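A short worksheet on the structure shown next.
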Amino acid sequence: MTQQLEDLVDVVRGPVGPEQVRAAARLMSLLEDDPDQVHRLRRIAADTRPALVVGVTGPPGAGKSTLTDALVTCARKRDKARRIGVIAVDPSSPFSGGAVLGDRVRMMRHATDESIFIRSLATRGHLGGVSRGARGVIAVMRLLGCEIILVETVGVGQSEIEVAQLADIVVIVLAPGQGDGVQLLKAGLMEIGDLFIVNKADRDGAGLLNRQLTSALQMGLGKRATPGHFPSGAPAVLMASATEQQGIDEIMGYLEQRAEAGVS
Amino acid sequence: MISQSNHEQGAGADAATRPRESRALGLVQHKRPGGRPRILIGKPGLDGHDRGAKYVAHILRDAGFEVIYTGIRRTPEQIVSSAIQEDVDAIGLSLLSGAHNLLFAKVIELLRQQGADDIVVFGGGTIPDADQIALKQLGVAAVFTPGTPAQTIVETIQQLLIPAKCSA
C-alpha cells in the first residue's frame, strides 16, 4: 500500500500527460477508500504548492453545480495557464450505499480541458456535507498543481457546515423562494459564509432575498471572526444568474482578491 | 422488481439498523479494500433518449454502485476523459441512434491510447444481434438490449467486476 502510494505520487509529480491523470485519479481513489493515508501523502509530498480552496455550498437546487461550472469557465478565461480542480459531492443512499453522482453532468464542457480536473465523490454515509475522502482529493489536486480547488458540497440544510473546515473561502449559494428573513436568522449556514450569492437573480423574489441577506449580515448575524464584507464595508452579497452568465465575473474577482490578500 | 432484489440482498430489512459507514453489502468485492465500485454512464453521439440510461443508473445505485451520470450528447473523448478522472471500474454506454459500431470502437480505442483499457466497457440500447457479436470482439464486455431485467443487468456487471477477472 505504501509503495503503491509512493509510486503513484512519483507519476503525479512527473510530466503532464495521460499517465499523470490516471495516476492522480488512482491516488484519489486510494485516499478516498483509506482517508488515514492522507498523512502519509503529506509527509512525502510536503513541497506541494498552496492552492485556494473555495467551498461552494447551499440548499439543494440553489444552483451550486451550474454556478461552479460558470466559475470554472470564468477562471479559465481569466488565466489560461492555471490548473483548476473541482470536487463535487453527492449523497450516498442510506439504503443501498450506492449513489448517483450527478454534478459532473453540468460541467461536461470542461471534460476534455487538460487543465481542469473534476472528481465526483459520494458521501458514503458521512454527514457534514462533504465526504471523508475530500481531504485526500484536495491533497492530490495540490500535488497536480491546481491553483484553485472548488469543493461543491451536497445540497445542505442548516447544520452541514463541514466545508468551512476544508475551505479557505466559503461561498453560500441561495435561490429565491427558499424561505424568508426568519429563516436567515437561524444558525449554521449563515455563520460560515464569506460570500453569499443570490442565484437565479432573474426570478421573482431575488431582490427581496438580497435585501434580507444584506440586512441579516449588517445585524451581525454572519461569521463571527471575519464577517463576509467587501472592502467598502458592505456585506458580501452578490446577485448572479449562473445560467445567464450574470454576476460570475464579480464573484471571480472577489475570490481572486481574497486570494491575493492571503487567505489561508 | 428493484425493491425485491434489494430485500434479497439484505439491504431492506436491516438497513435501518446497520451503521451507515459500514454499509458494505458484500455486493462486489472491490479490488481495493474499503472501495466502492464506480461506473460511468453516458450517451455518446446525438441521440437524446436517456430514459434507459437513467434507469440503469438508478438500478446500479440501488445495487450499491457509485454511478457517475454524464448525460446525453457526449463525445467519446469527453466520456473517456471523465472515466479516467473518476477512476471508474466500468463505462456503460447507452446508444439508440444506430451509431454503436463507430462510437464503441472510438471509446475503446481512446481507453487503450490513454493506458486505461482495464476499464470494462458495456453497452445498452437498440443493438442488433449481429452487431453485438462484432462489439464483443472489439472488447465490449456485455450488451443489454431493451427489456433486459434489472436483476440480469446488475448481476452481469457484478460478475464483470469481480477482482479475479480484472487485470491488475
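Within region B:127-144, the residues that satisfy the criterion of being surrounded by 14 or more Cβ atoms within 10 Å (Cβ to Cβ), at negative phi and in contact with a strand residue (DSSP E or B) (Cβ under 8 Å, 6 or more places away or on another chain) are B:I127, B:Q132, B:L135, B:V140, B:A141, B:A142, B:V143, B:F144.
For region A:33-47, the candidate set comprises residues that are more than 8 Å from chain B (Cβ to nearest Cβ) and charged (D, E, K, R); within that set, the residue that is nearest to B:R38 (Cα to Cα) is A:D36.
The set of residues in region A:119-176 that are of a type in the set (D, E) and either surrounded by 24 or more Cβ atoms within 10 Å (Cβ to Cβ) or in a strand (DSSP E or B) (or both) comprises A:E147, A:E152. Which members of region A:109-143 meet the condition of being over 16 Å from the mean Cα position of the chain (by Cα), away from chain B (no Cβ under 11 Å) and in contact (Cβ under 8 Å) with a residue 60 or more places away in the chain? Result: A:L143, single match. State yes or no: is A:R83 within 24 Å of A:D7 (Cβ to Cβ), touching a helix residue (DSSP H, G or I) at 6+ places or on another chain (Cβ under 6 Å), within 14 Å of chain B (Cβ to nearest Cβ) and in contact (Cβ under 8 Å) with a residue 24 or more places away in the chain? No; evaluated as a whole, the condition is false for this residue. In region B:139-158, the condition of being at pLDDT below 95 and within 18 Å of B:D47 (Cα to Cα) is met by at least one residue. Being modelled with pLDDT under 90 and in contact with a helix residue (DSSP H, G or I) (Cβ under 9 Å, 6 or more places away or on another chain): is that true of A:L185 here? Yes.
Residues considered: B:L102, B:L160. Of these, the only one that is under 19 Å from B:T75 (Cα atoms) and not polar (S, T, N, Q) is B:L102. On the given criteria, is A:P50 away from chain B (no Cβ under 11 Å) and more than 14 Å from the chain's Cα centre (by Cα)? So A:P50 passes the test. Can you find, within region B:68-109, the residue that is farthest from the chain's Cα centre (by Cα) among those that are of a type in the set (G, A, S) and crowded, with 20+ Cβ neighbours inside 10 Å? So, considering only residues that are of a type in the set (G, A, S) and crowded, with 20+ Cβ neighbours inside 10 Å, the one farthest from the chain's Cα centre (by Cα) is B:S81. Residue check: is A:G177 modelled with pLDDT under 90, out of contact with any Cys (no Cβ under 6 Å at 6 or more places or on another chain), more than 10 Å from chain B (Cβ to nearest Cβ) and within 30 Å of B:I72 (Cβ to Cβ)? Answer is yes for this residue.
The values are calculated or read from the model by the stated rules, or taken from the named source; none is laboratory data. Note that the structure is predicted; figures quoted are calculated from it, not measured. Heads up, the Cβs are rebuilt from the backbone with ideal geometry, glycines too, and the neighbour counts pull from every protein chain shown.
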